[in-house]
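What follows is one structure encoded as C-alpha cells, with my remarks underneath.
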Amino acid sequence: MRSIWNGTVSFGLVSIPVKLYSATEDRKLDLDMLDSADNARIRYKRVNETTGEEVAWKDIVKGFKNDDGNYIVLTDEDFEQANVKKNRTIEIESFIEASDVADVLFKKPYYLEPQKEGGKSYNLLRDALKKTKKLGVATFVMRQKENLCLIGVYENALVLHVIRFSDEIRKPSDLKLPNTKVTKKEVDIALSLIENYTEKFDFDKFKDVYNDQLMKIIKSKKSGKKTKATKYESKPTPAKDLMAQLKASLDKKKSKKAS
C-alpha cells in the first residue's frame, strides 16, 4: 500500500505521527470506452477551450471565477495556507458513542499507521478506543478539501472514516412516503421472520460475484459462443397478499433451519 497523506493525529496534548492509507480497493473490471463504429478507443483530453489545443497536467492550475467572469488563480501554497494546521493535523475534538452515528454519513475508510516514534501513543489511543467502544470526531484537510471524520479501531489498527457534513445529506422529508397502515399481526410475523433470519455477521460469507459472472461472459464472447440471456422480473407484493407471503417466508426459513 502507498500512503496518500502524512501528518499527525492529536488528542489533548498527545500527538501521533501517522501515514494514511486507503482501506478499500476498487474491484471493477478495467473496461475501455470504444467507438461503436470501429471499436477504436475513446480518449479524454484536457483541451484549452480558446485555442482547442491539449494542455499538459503540469500546466494546469485551479481558479475561482469572479462575478465579472475573470478568474483568481490559486497556487498549491494558497491551498496550504488556507488552514496550515488542518493540512497537517487530524485533531480529535471530541469522543462519541458509535451508536450515535447514522450509517448514511459514512463515505470512505482509511487505515492509520504510526510513523517513527509514534508507536506507543498510537497503541494508547487504539486500546483506549477499543476499551470504551467510542469514536473520535476530527476534521482535517486532504486534497484541498476539508473532511469530517471518525477515528475508531478495526482488527487492531486505527481506522479513519470520512463522513459527510450535515449539509451534504438530503432530507428524507422530500420523499413521497406511503402512509398505509400495517396491522399488529403483520408486524409480529415480520418480527418473527427477522428473528429467524438473524445470525452473527460473517464478513467472508459475502463475495462480489458480479465481476466473476461478467468475466464468464467476456470469455464466452472471446471464444465465439453466444450467452443465452436470462430474464428476471421482480413483482411487488400486493397489500392483500402480505400476510400470506410473510407466513410462507417464515415457514420456508423454519423448515430450512430444521433440515
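The values are calculated or read from the model by the stated rules, or taken from the named source; none is laboratory data. It should be emphasised that the depicted structure is a prediction, and the values quoted were computed from it without experimental measurement. Every residue, glycine among them, receives a Cβ derived from its backbone with ideal geometry; neighbour counts consider all protein chains shown. Just so you know, the surface numbers come from the protein's heavy atoms only, side chains and all, with ligands and any DNA or RNA stripped out. Shrake-Rupley method; radii C 1.70, N 1.55, O 1.52, S 1.80 Å.
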Could you check the stretch 33-54 and list, in sequence order, the residues that are farther than 26 Å from ARG143 by Cβ, open to solvent by 80 Å² or more (accessible area, probe 1.4 Å) and part of a loop (DSSP other than H, G, I, E, B)? SER36, ALA37, ASP38, ASN39, THR50, THR51, GLU53
State the number of residues belonging to the stretch 126-143 that are open to solvent by 30 Å² or more (accessible area, probe 1.4 Å) and either among the acidic types (Asp, Glu) or under 22 Å from ASP26 (Cα atoms) (or both). 2
Do we have ILE72 as touching a residue at least 60 places away in the same chain (Cβ under 8 Å) and among the aliphatic types (A, V, I, L, M) here? no
Which residues, counting only those in the stretch 91-101, are under 20 Å from the mean Cα position of the chain (by Cα) and open to solvent by 100 Å² or more (accessible area, probe 1.4 Å)? SER99, ASP100
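Results for (1) modelled with pLDDT of 85 or more; (2) within 30 Å of ASP30 (Cα to Cα); (3) not charged (D, E, K, R), shown as yes or no for each residue.
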position	(1), (2), (3)
LYS145	yes, yes, no
ILE163	yes, yes, yes
ASN179	yes, no, yes
GLU186	yes, no, no
ILE194	no, no, yes
LYS200	no, no, no
ASN211	no, yes, yes
SER223	no, yes, yes
LYS226	no, yes, no
Quick check: is even one residue across the stretch 118-125 out of contact with any Cys (no Cβ under 9 Å at 6 or more places or on another chain) and either charged (D, E, K, R) or open to solvent by 90 Å² or more (accessible area, probe 1.4 Å) (or both)? yes
Could you run through the stretch 28-53 and say how many residues are touching a residue at least 40 places away in the same chain (Cβ under 8 Å) and either farther than 30 Å from ALA157 by Cβ or touching a helix residue (DSSP H, G or I) at 6+ places or on another chain (Cβ under 6 Å) (or both)? 1
Test result for LEU160, closer than 30 Å to PHE79 by Cα and either surrounded by 10 or more Cβ atoms within 10 Å (Cβ to Cβ) or out of contact with any Phe, Trp or Tyr (no Cβ under 8 Å at 6 or more places or on another chain) (or both): yes
Candidates SER15, SER22 - the one that is of a type in the set (Ser, Thr, Tyr), touching a residue at least 12 places away in the same chain (Cβ under 8 Å) and open to solvent by less than 50 Å² (accessible area, probe 1.4 Å): SER22
So which residues in the stretch 64-77 are assigned to a strand (DSSP E or B), open to solvent by 100 Å² or more (accessible area, probe 1.4 Å) and within 15 Å of GLN144 (Cβ to Cβ), if there are any at all? PHE64
Is it the case, given these coordinates, that SER10 is in a strand (DSSP E or B) and over 27 Å from the mean Cα position of the chain (by Cα)? no
Residue tally, condition of a type in the set (S, T, N, Q), open to solvent by 80 Å² or more (accessible area, probe 1.4 Å) and in a helix (DSSP H, G or I), over the stretch 175-229: 1
Scope the stretch 231-240; condition in a loop (DSSP other than H, G, I, E, B) and modelled with pLDDT of 70 or more; matching residues: LYS231, LYS235, PRO236, THR237, PRO238
Residue that is farthest from the chain's Cα centre (by Cα) [pool: residues in the stretch 102-117 that are open to solvent by less than 50 Å² (accessible area, probe 1.4 Å) and modelled with pLDDT of 80 or more]: PRO114
